[in-house]
Each structure stands twice: as structure tokens, then as C-alpha cells.
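The values are calculated or read from the model by the stated rules, or taken from the named source; none is laboratory data. The structure displayed is predicted, hence computed values, not measured ones. Neighbour counts run over all protein chains shown; Cβ positions are idealised from the backbone, glycine included.
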Amino acid sequence: MNRLRWDLLPPIPADHPINSYGFSGLTAQLLYNRGLTEPPQIELFLKADKRLSGDPLLIPDMHQAAARTYQALLSGESIAVYGDFDADGITGTAILAQGLEALGGKITPYIPHRLREGHGLNSNALEHLQQQGISLVITVDCGITDISQATKAKKDGLDIIITDHHTPLDELPPAIATVDPKRADSSYPFPELAGVGVAFKLLQALYQSMGKEEQLNGLLDLVALGTVADMVPLLGENRYLVKQGLKLMNSQLRLGIREMALLSGTSTDSLTAEDISWVLAPRLNAIGRLEHALSSYNLMITESPEEARGIAIILEEKNVERQRLTTKTLAKAREQVLAKGILPILIASGSDYPPGIVGLVAGRLTDEFYRPSIVIKTSDSYSTGSCRSIPEFNIIQALNQCRNLLSHFGGHARAAGFTLPTKDLPQLEQQLSQMAATELEGIDLRPKLNIDTQTTLYQLGGATYQAIQELAPFGQGNPLPIFLSRSVEVAECQAMGNNGEHLRLKLKQNGATWDAVAFRMGNCSTEVHSTIDIVYNLKLEKWHGQETLRLNILDFVPSNR
């Protein structure tokens, strides 16, 4: 049985107009599969230019946010930019701080400590900022569900502007402005901006009013970095922001990003969205998972080669430590999950689980078992959980139904987090388990692979990879094209990586030979027969200046079953 559900998408009908638009057969099929069939729609998708950028003043409360910020700039107030500690929040904090400083603002960046202060607004931190003379706090990538904290800040006379992209609750915090394109009353045409994208729109509103909008182009590299790292859909305005940001990144690379890439062995000549996902974002996030994310912020803004190199080395070391802790904690959580049996929702908890790692472990459990997963760091009084989910189960809606048990929660349909009194943990587990059992009953709980087309290894040569790149940048909502090839000969197969976690193969078909890698499939080596059917994408492997095109195997089965 396939590990994944294979869904080979239908070919373009012979009489479809897209066949006459001048595209190669492969490009036409890829566009058709993504619902892009009209010339104006296709042209806008491929160019991904500023026409995709929405009017920032259409986001609720943007007028109030821009006006209050402008007032603070004019009167010389001290402003704090309070960002979340992930790559989205870090990059958003950096662009907002740099953008406001360029307008003469007196800016204090503040990124909370994940382990000591937790997600979102922290009342003690806000008090401390106010004592330092801060009169206006602008949040980035957080705050939309922090009603009690915002209420206290208002009572204390501290003005707060919230910029966030998480799902709001029915009640909004009592802030000067609550800028979130996901608000129910929003008329903004694209609600899927990342936190860094919402922060950028605030700057855009300010700079437009001053006739200086072009000056913002120098910040688009960080907008692209945070947007890709947060795994929001790379469609609509996000596609424009990421495409322009990657252009800037590849023409004028920041010192910190360059040092991160070089230390990881990644070529800096042509960074892609995939490089952000797999190389840059994990390193930016690693130190915040274990210590304080302010180092990652400093890496983004430094103009000192020595400082950039020093911080990048620390981040590289922390990323290795993060990988080690993830592997160790995953083994424990997996053992817990298997001991209970594979239930509709997977829940693992422990007092020794590192709180900065639980989200990664939940993600790995969801990847392996295709179930919503919750991994919880417990303590005597309060426990903190991180959730990852599947399209069939909206985890933030589920948490909202349990909100009477939770001290704090927030997130998206596929990723969320919460804090609650430890005594209420059994009740939460019971309620979520009942919900998952009801909602997921009768569903084939295997991830679905939408396969773009069936082809042979021989047909992948020539300009195929270049044709695919016309649809870049790839990510959520616009995945890398997926291919199916049947009856492929396995010339070589060997384990690679720690404990043989991955497989490296040499595959042949009709005179064509390709190298291939099957990540996290080392335990499936016994299923590698002499000929196999494979589902895969094409990946350009870059390592210390060398580039090799290979197949990235997503699933395989023996041929002629």
C-alpha cells in the first residue's frame, strides 16, 4: 500500500484554449493544474508584479495605526517594536524598526524570550518598556488574541498598535488599532499575508502618505524571508513580495544572510524559496528555540562583517543542537504515541520536553502518521503545548471550543499553541480526542499527493527544469511540480544520513540515468525492488559551489503490483 494517496491530475483536454497560448506542453499542464487558464490570469501569475499589491488602507484600522505612528514620529516619542521570536516575527521587527528609524523614529526592538515570557504580549515586558519611557508599542506577528494584556496596558496608559496575521477571536484587544487582514470586517483582497507582510503594509501606508514608497524596496528581502519561513500560501500578494524579495536578495545580499548561507554550504549566487525553507529559516529559528532570538534580529540588521560572522557561527551551532534535541524528544514522543495506539489525534507530554522543540516534534509526528499532533511541556502548575494539524482538522477552531480550559492560545488552522493549568490537561485531551474522533471518522488518513503529470526519466532532460522555474517561487499553495514515473530500474540503493535515515538511489529508464534521494525512507529499504514506480520532484542540489539536478523521491512502490 502506498504511504501516500496518489492523485494523478487529469491531462488538459485536447480542445482546451490553453494549448494555443504558446507554452510548452509541460508548462501548460502545470498552469492548468493550478487553475490558471485565462491569459490575463496567467500573465499576472507569471509576472507577479506590483499589480498584486493591495492598498494597505483597506486593512482594518490601518488609518488609525498610521496616524498614531506618524504622531509618535513627529513628537519624538520612544516607540517599541514588539515582535514574535520566530523568523516571521524577527524579520517583521527588523523591517519595521529600520523603516521607522529611516523616518527619524526612536525605536527599541523587543523580542520576548520564548522560555521565560512565552508567545504574544507579556504584561511584565510591557511594564518594563513603559518604565523605560516607551509610550507606543507596535506589535509584529502577535497580539491579536492578547486581550487581557492589552486591557492592562491601556489601563496603565500605554498605547498599543497590534499588527498580526493570526486568526482573531470574536473579541478584539482594546488597542489603538488592531491591524489584521484576517479580521471578519476586513475588505483587504488578500488575507494570507505573513506577520512580516502586515508590518510591511503599515510601513507602506506611512511611506505612501509621504511620497516615499520607493524607499521601501530595500526591505523586501526580509519580507520574502519571513513570508516563506512562515509557510503562508505563496499566491497573490505573497507571490509578488517573495519574488521581488528574492531578486533583491540575489543582487544585494545582507551580510548576515550571506554568512548563514556560507556556513551551511549553500551557494549565495541564486538563493530560492526552498533555500529559505530548508537552510535560512531553521537557523534563524534555532536560537530562539533554545535561548533568545535577539541574536537572529541582530544578524538581520548588522553592517559589520565580523559581527555577522560571529552571530552566524552561533546560529549554526544552535541549529545542530536543535536537531539533536528534536531527534531525542521525537523518539520519546513517538514511543508515547505508539503505546496508546494510533488515535485520531496524537498527544504526547512530558516534563523534560524542551518547550522550544515541541512544535517541531509535533510537526514530525503529523508528517509521519498524518494525524493532528500535540506535544506538551508539562510542569506542576502550567503546561504549554504546540499543535500541528492536517487539512481535515482545523486545530485553532478546536482550541477555540476548549477556550474555557486555556489560559492563552492562538495560531492558524494547521499550527497553534496554548498554555493551560496542568490540572486541566486530562479534560483538554479528552475533549480534543472526542472532536478529532468525530471529525475524522471515515477519512482515509494518508496525505494526498496531487501528481501533475506522468512522464519518463528520459523526458525530464533538456530544458525541463528551466521550464518549471517559470512558475517559481514555490511553496504553500504553489507546490513544486510532482511527477510520476513507472517501471524505473533501480541500479543502486544505499542508506545515508544518521542511522541510515535516508536512501540514496541511482535510477535508470530508457537510457536515462538519474541520482535520487528518498528522505526519511531508510526504514523502507526492503520495499526497493528491481523496478519501482516513483513519485518525485526535481531538485537542484547546491553544495559548496557545485550544482546537481536530482530526483527528490516523495513515495515509491514496487512496480507491477
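So which residues in region 513-523 are surrounded by 14 or more Cβ atoms within 10 Å (Cβ to Cβ) and not in a loop (DSSP other than H, G, I, E, B)?
Those that are surrounded by 14 or more Cβ atoms within 10 Å (Cβ to Cβ) and not in a loop (DSSP other than H, G, I, E, B): TRP514, ASP515, ALA516, VAL517, ALA518, GLY522.
Scanning for something without any contact (Cβ under 8 Å) to a residue 24 or more places away in the chain and not hydrophobic (A, V, I, L, M, F, W, C), does region 286-295 turn up at least one residue?
yes
Considering only residues that are surrounded by fewer than 22 Cβ atoms within 10 Å (Cβ to Cβ) and touching a Leu at 6+ places or on another chain (Cβ under 9 Å), which ones fall in region 149-174?
Matches in region 149-174: GLN149, LYS152, ASP156, LEU158, ASP159.
For region 116-130, enumerate the residues that are touching a Ser or Thr at 6+ places or on another chain (Cβ under 9 Å), without any contact (Cβ under 8 Å) to a residue 40 or more places away in the chain and in a helix (DSSP H, G or I).
Once the filter is applied, which keeps residues that are touching a Ser or Thr at 6+ places or on another chain (Cβ under 9 Å), without any contact (Cβ under 8 Å) to a residue 40 or more places away in the chain and in a helix (DSSP H, G or I), region 116-130 yields only SER123.
Among VAL488, VAL517, which is the only one that is touching a strand residue (DSSP E or B) at 6+ places or on another chain (Cβ under 8 Å), at pLDDT 90 or above, under 30 Å from THR266 (Cα atoms) and among the aliphatic types (A, V, I, L, M)?
VAL517
I'd like the full set of residues that are assigned to a loop (DSSP other than H, G, I, E, B) and of a type in the set (Gly, Ala, Ser), limited to region 435-455.
Residue satisfying the conditions is GLY442 alone.
What are the residues in region 195-222 that are surrounded by fewer than 18 Cβ atoms within 10 Å (Cβ to Cβ) and under 23 Å from the mean Cα position of the chain (by Cα), if any? Show your work before the answer.
Residues of region 195-222 that are surrounded by fewer than 18 Cβ atoms within 10 Å (Cβ to Cβ), as a first pass: 208-215, 217-218.
Scanning region 195-222 gives ASN217, GLY218.
Out of the residues in region 350-369 meeting the condition of being modelled with pLDDT of 95 or more and closer than 21 Å to ALA437 by Cβ, tell me which one is surrounded by the fewest Cβ atoms within 10 Å (Cβ to Cβ).
My answer is THR366.
Cβ contacts < 9 Å: first residue more than 11 Å from CYS493 (Cβ to Cβ), restricted to region 514-528; second residue in a loop (DSSP other than H, G, I, E, B) and not basic (Lys, Arg), any location; separation 6+ or different chain. Result?
TRP514/LEU457; PHE519/GLY497; PHE519/GLU501; ARG520/GLY497; ARG520/GLU501; ASN523/GLU501
Of LEU225, LEU246, LEU234, which residue is surrounded by 22 or more Cβ atoms within 10 Å (Cβ to Cβ) and touching a strand residue (DSSP E or B) at 6+ places or on another chain (Cβ under 6 Å)?
Numbers: LEU225 fails: touching a strand residue (DSSP E or B) at 6+ places or on another chain (Cβ under 6 Å); LEU246 fails: touching a strand residue (DSSP E or B) at 6+ places or on another chain (Cβ under 6 Å).
Only one candidate passes the filter, namely LEU234.
Which of the following residues is surrounded by fewer than 19 Cβ atoms within 10 Å (Cβ to Cβ), out of contact with any Cys (no Cβ under 6 Å at 6 or more places or on another chain) and of a type outside the set (Asp, Glu): ALA102, ALA94, ALA177?
Answer to the check: ALA102.
Can you pull out every residue in region 272-300 that is assigned to a helix (DSSP H, G or I), of a type in the set (S, T, N, Q) and under 30 Å from GLU470 (Cβ atoms)?
Residue satisfying the conditions is SER277 alone.
Hey, among the residues in region 180-194 that are buried (at least 24 other Cβ atoms within 10 Å of the Cβ) and over 17 Å from the mean Cα position of the chain (by Cα), which one's nearest to ARG51 (Cα to Cα)?
By that ranking, first place goes to PRO181.
Looking at ILE176, ILE138 in this structure, which one is touching a Lys or Arg at 6+ places or on another chain (Cβ under 6 Å), within 22 Å of THR108 (Cα to Cα) and at pLDDT 95 or above?
Details: ILE138 fails: touching a Lys or Arg at 6+ places or on another chain (Cβ under 6 Å).
ILE176 is the lone residue from the list that is touching a Lys or Arg at 6+ places or on another chain (Cβ under 6 Å), within 22 Å of THR108 (Cα to Cα) and at pLDDT 95 or above.
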